[in-house]
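Read the figures in this text as sums done on the coordinates, not as results from a lab. Values in this document were obtained by computation on a predicted structure and should not be read as measured data. Cβ sites come from the backbone with ideal geometry, for glycine too, and all protein chains shown count toward neighbours.
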Amino acid sequence: MLTINVAVLLAVIIVVRLRLRRRTEARSRNDEQVTVLIVLVFGVLVAPTAFGQGVADVVGQFATGLTEAGR
């Protein structure tokens, strides 16, 4: 039996939407809203995983470094 991880499926959809769309084509407001919704759902699904926690730690360290560098 084949199982599909929803987070992996959303990651593939995000890549396809962002990479395969023609560059010269203007994005509609609806297209942007759908992309944002997909990315938000992906973030919610990935956040509780070990990978999501690692990404959150790296981003937090980066933000702390930028804050300290600005002082």
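Summary of computed values
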read-out: Two-site label geometry, residue 12 and residue 35: point separation in nm, points 7 Å out along Cα→Cβ; value: 2.1 nm
read-out: Whole-Hz ³J(HN,Hα) from phi, Karplus 6.51 cos²θ - 1.76 cosθ + 1.60, for the range 37-50, glycine and proline x; value: 4, 4, 5, 5, 5, 4, x, 5, 6, 8, 3, x, 7, 4
